[in-house]
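Just so it is clear, none of the values below were taken in a lab; they were calculated from the coordinates. These numbers were taken from a predicted model, which means no experiment stands behind them. We place every Cβ from the backbone using ideal geometry, glycine too, and count neighbours over all the protein chains shown.
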Ligand code: UT7
């Protein structure tokens, strides 16, 4: 029986990785009936990174993990759990987390994947937090990694322009209530699902019939409306659960699906855009990777600093939606 001690999951390191190959809106417009103006006006996206030949999701995840470990200054052998949020695993099995484990040499860890689509990183963070708080793990790598270029239909202008590939990672460590860092870390996570609306956003691959590989299908307008409503609920929940207001928050790190959704949340909650970390213009929607990539960018350039209060929020296929409060 583990002793009943209060613990908090504190962020010790952050890393990110974008594959070098980059596709601009103008590149897309050479093959699709679209324009740079349409994509920028409707989404805020200007470019996206995609896998190079021979690269796979676990390669992106492993690079982000190595940087996060270096940032934490931790020996890889001290990691006892790896959770990868992804909807684009290297293979149906084994888990991409196990592939990452082998690639970074984390031989003492156990490893598994979480699938909650664009909310996946917050789901993975929540899972990791439970292991850390109960004492089942001491140091955890949480990774959001997706290679959406593998599953979009490059002939469908309605979806091909929206997605990109990348990975971001956090290293978390459990500290107990006697530790100087106990007030930092993950204060709460809030996870929601509604499987009744799966048909708004899904991939039509059918492993039972082994039909030809499927692609992302999305009812864009409906998802847009749901995103504003459900993200709003998730943000209200994280604020009320922690008894705080918008004024107490230093940074909002939203899922990056569309600049208009981020601006909508900003207007609805009266959050100044300067407090929003925005990467959608350069990364597009990297699914589970958007939030850790944004954290990596904002921590690296000095915006997010120690003890800052950071709200994370996301919404995606499932439907799933989620929020979290992290004191950096
Ligand atoms: O990460 C998971 C969550 N995902 C999201 O939250 C995405 C939510 N949805 C969206 O971001 C937006 O709905 C989209 C960016 C996908 C689409 O923007 P929209 O303003 O909702 O456009 P729409 O789907 O209503 O389409 C408007 C028009 C249509 O033409 P008609 O029917 O008005 O003639 C589309 O066929 O724009 C057309 N269209 C395009 N035109 C040029 C759709 N895609 C393109 C394109 N280039 N790439």
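Below are the figures for this structure:
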{"read-out": "Over the chain: Rg over Rh, Cα atoms, Kirkwood Rh", "value": "0.95"}
{"read-out": "Sequence of 165, 71 once ranked by neighbouring C-beta atoms within 10 Å, starting from the fewest", "value": "71, 165"}
{"read-out": "Value of relative contact order over the range 1-86, rounded to a whole percent, pairs C-alpha under 8 Å and six or more apart", "value": "40"}
{"read-out": "Dimensions in Å of the range 7-176 - Rg and Dmax from alpha carbons", "value": "17.2, 56"}
{"read-out": "Residue of 149, 178, 188 that the Gaussian network model of the chain assigns the largest fluctuation, springs spanning Cα pairs under 10 Å", "value": "178"}
{"read-out": "Segment residue 263-residue 93, extension gain: residue separation times 0.36 nm, minus the distance between their alpha carbons", "value": "57.4 nm"}
{"read-out": "Average projected area [Cα convex hull, the range 185-327], square nanometres", "value": "9.5"}
{"read-out": "Likely footprinting exposure, 266, 193, fewest C-beta neighbours within 10 Å first", "value": "193, 266"}
{"read-out": "Antiparallel %, DSSP beta bridges [both residues in the chain], to 5", "value": "70"}
{"read-out": "Stretch gain in nm, segment residue 303-residue 206, where the contour uses 0.36 nm per residue and the Cα spacing is subtracted", "value": "30.6 nm"}
{"read-out": "The chain - percent relative contact order, Cα under 8 Å, separation 6 or more", "value": "25"}
{"read-out": "Residues in the range 167-188 that a label on residue 246 would reach, taking backbone N under 15 Å of a point 7 Å out along Cα→Cβ", "value": "none"}
{"read-out": "The range 45-187, relative contact order [Cα under 8 Å, separation at least 6], %", "value": "30"}
{"read-out": "Over the chain: helical MRE at 222 nm, DSSP H runs n ≥ 4 each giving -39500 (n - 2.57), nearest 500", "value": "-9500 deg cm²/dmol"}
{"read-out": "Neighbour-count ranking [beta-carbon atoms within 10 angstrom, fewest first] of 9, 241", "value": "241, 9"}
{"read-out": "Antiparallel bridges, percent of DSSP beta bridges restricted to the range 185-327 (to nearest 5)", "value": "80"}
